[in-house]
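Here is the structure we will look at, set down as structure tokens.
The values are calculated or read from the model by the stated rules, or taken from the named source; none is laboratory data. A quick note: this is a predicted structure, and the numbers were derived from the prediction, not measured. Cβ atoms come from the backbone with ideal geometry, glycine included; neighbour counts cover every protein chain shown. Accessible surface areas use protein heavy atoms only, side chains included; no ligands, DNA or RNA. Shrake-Rupley method; radii C 1.70, N 1.55, O 1.52, S 1.80 Å.
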Amino acid sequence: MSWKNTETRYGKLSISLHWLMLLLIAAVYFTMEFRGIFPKGSDGRSLMKELHFMLGLSILALVWLRLLARAIAPTPKIRPAPHAMQEKIAKLMYLALYLLMICTPLLGWLLLSAEGKPIPLFGLELPPLTGKDHAFAEQMEDWHVQIAQAGYWLIGLHAAAGIFHHHIRRDNALRMMLPGGR
């Protein structure tokens with residue numbers, strides 16, 4: 001298997017980035033949902049929050065590599081070809097997923113910046129994107145949370161579409177993204 005996409009198969013780079021992003025996104029949601037098991041102010045809660053920030057920023061960094069990989073290599077064709085309406089819906093879904101992977105971490109970075117908090121990234125501290133502003137921070141938090149909640153639906157629909165393609169349409173859409181081409 002090649003590192004680059006071909007007309008018939010995603011390459012190792014696209015497949016690896018797809019599944020790595022899934023793991024990172026799952027970890028981001030995990031840290032968000034399970035930080036509440038730790039009392040406020042505890043080391044465990046602080047660790048969950050810091051991991052949430054770092055994993056989110058990792059997604060923001062990797063999404064650009066994903067977009068580059070998508071731009072330099074062809075997108076494999078689904079066979080048999082889906083209906084034109086399905087293709088339009090798929091393009092909208094990909095756009096929504098990419099916006100999720102870009103906007104959510106960016107809003108988180110803006111939120112931390114507006115709160116005057118450090119922006120940790122694996123031992124580094126990223127610069128703030130804005131000055132301290134409580135009202136702006138509240139707005140960024142609201143948008144961050146709402147987009148993240150919509151992400152549950154987007155990710156669920158994306159997974160359901162893969163299952164639909166594999167079990168109902170019986171096309172190659174899911175198999176092209178599986179490691180090993182199963």
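Summary of computed values
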| item | result |
| --- | --- |
| The chain: most fluctuating residue of Ser16, Ser46, Ser58 per GNM, C-alpha cutoff 10 Å | Ser46 |
| Semi-axis lengths (Å, descending) of the ellipsoid that matches the C-alpha gyration tensor of segment 12-75 | 31, 10, 6 |
| Average accessible area per residue (Å²) across the chain - probe 1.4 Å, nucleic acids and ligands excluded | 61 Å² |
| The chain: calculated mean residue ellipticity at 222 nm from DSSP helix runs of at least 4, using -39500 (n - 2.57) | -22500 deg cm²/dmol |
| Environment charge at Phe38 (Cβ cut-off 15 Å; Lys +1, Arg +1, Asp -1, Glu -1) | +1 |
| Positive-end extreme of charge dipole, segment 1-94 - chosen from Tyr29, Gly11, Gly44 (charges on Cβ) | Gly11 |
| Zero-based 5 Å bins, Cα pair distances in segment 1-109, whole percents | 2, 11, 16, 19, 17, 13, 9, 6, 4, 2, 1 |
| Residue among Leu68, Leu110, Leu57 with the largest mean-square fluctuation in a Gaussian network model of the chain, springs linking Cα atoms under 10 Å | Leu68 |
| Sequence-distant residues sharing a close amide H with Leu121 (under 5 Å, placed H) | Leu126 |
| FRET E, pair Gln86, Phe34, Förster distance 35 Å, beta-carbon r, rounded to 0.05 | 0.45 |
| Segment 127-173 - Kirkwood radius from inverse mean 1/r over Cα pairs (Å) | 13.4 Å |
| Whole-percent carbon and sulfur share, accessible surface of segment 104-169, 1.4 Å | 67 percent |
| Residue with peak Gaussian network fluctuation, the chain [Cα springs, cutoff 10 Å], from Ala90, Ala150, Ala71 | Ala71 |
| Diffusion coefficient, µm² s⁻¹, Stokes-Einstein with Kirkwood Rh over alpha-carbon pairs of segment 30-176 at 37 °C and 0.692 mPa s | 188 µm²/s |
| Pairwise FRET efficiency - Leu124 versus Leu95, Cβ, R0 = 41 Å, nearest 0.05 | 0.85 |
| Theoretical FRET efficiency, 1/(1+(r/R0)^6), r = Cβ-Cβ of Lys77 and Cys103, R0 22 Å, to 0.05 | 0.15 |
